[in-house]
1. Which condition number in (1) in a strand (DSSP E or B); (2) more than 11 Å from the chain's Cα centre (by Cα); (3) closer than 20 Å to Lys122 by Cβ is the one that Asn97 fails?
2. Looking only at region 204-242, filter to residues that are in a helix (DSSP H, G or I) and of a type in the set (Ser, Thr, Tyr); which one of those is surrounded by the most Cβ atoms within 10 Å (Cβ to Cβ)?
3. Residue by residue through region 199-236, note down the ones that are under 18 Å from Phe147 (Cβ atoms) and aromatic (Phe, Trp, Tyr).
4. Which of (1) of a type outside the set (Phe, Trp, Tyr); (2) surrounded by fewer than 17 Cβ atoms within 10 Å (Cβ to Cβ); (3) touching a residue at least 40 places away in the same chain (Cβ under 8 Å); (4) under 28 Å from Val49 (Cβ atoms) does Leu72 not meet, given it meets every other one?
5. Please go through region 185-203 and pick out each residue that is surrounded by fewer than 20 Cβ atoms within 10 Å (Cβ to Cβ) and within 14 Å of Lys152 (Cα to Cα).
6. Of all residues in region 38-69, count the ones that are in a loop (DSSP other than H, G, I, E, B) and closer than 21 Å to Leu99 by Cα.
7. Quick one: which residue in Glu214, Glu187 is under 20 Å from Met132 (Cα atoms) and at pLDDT 90 or above?
8. Only one of these is farther than 23 Å from Leu112 by Cβ and in contact (Cβ under 8 Å) with a residue 60 or more places away in the chain: Phe240, Phe147. Name it.
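The values are calculated or read from the model by the stated rules, or taken from the named source; none is laboratory data. This structure is a prediction, so every number in the text was calculated from the model and none was measured. Glycine also receives a Cβ, built like all others from the backbone with ideal geometry; neighbour counts cover every protein chain displayed.
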Amino acid sequence: MRRRVSRLRSVNTIPNTFIGGVAATIPTKASLATKLGIAESSISYFSVVGSDIEARINVQYAIPFNCFKDNLNITYYRESPEGLCINTGQNSFYRANNLTMVEFYGNCLINLVGWSENNGIKKAIFHNADTMYYYANFRYTTMDLFFAPKLKFRFGDAAIQTQQAFGNIKNIYIPLVEQLGKTQLNESHFLSCPQGVKIWANPALQTSNGGAEEGDLAYARASKAAIINYSQPVLTPNDFGV
């Protein structure tokens, strides 16, 4: 007689977290729990797939401070739509130069200096994050895409002129953002962006600077020949072809 597998058991073995290149240093459920600062019992599934790992994490968690800082093994950090990360962590992927992409589904705080000086990252996707700490998040990076369709708010007053949030990013999809930095003036957040950068922005920012265009966007238009789209098209990461 065939043994019936309960639906609950099946769900508990479906991975929702995928981390590339770290199997040699995070080879077990216990080591992943230690790395992420959660209880081992909060991980109901864990598997090594070549040099990568996949797991099911059943609690909300914050990636710890400096978690993957200077880690040259990690190649990606992705969640499924069931992902439960609520904070991407300060300095969490700083100079992790072989990391090529991150993808988070939860409403996570995009924390400060998370990917600064990261030479490898090409895509950063935050499906439901509504808040970002604007302090050198992607400074000194070269990226194809920053995708944050639900992002609205900035957090903290550390967004000063010399600590731009965005690095050399070709496509920046932030159609709901209400404020880019401390003020509506130019605070150099697009200082390192390439010529012709494409930015999808909130229509309110067209006149948010005392009737003029928000200062950072005005700078990008004048100095970077930015293509700024205020029409708020509903796009997915696949629409960018990167």
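1. Asn97 satisfies every listed condition except (1).
2. Result: Tyr219.
3. Hits for region 199-236 are Trp200, Tyr230.
4. (3)
5. Matches in region 185-203: Pro203 only.
6. The number of residues fulfilling the criteria is 9.
7. Being under 20 Å from Met132 (Cα atoms) and at pLDDT 90 or above holds for just one of Glu214, Glu187, which is Glu214.
8. Within the list Phe240, Phe147, the selection yields Phe240.
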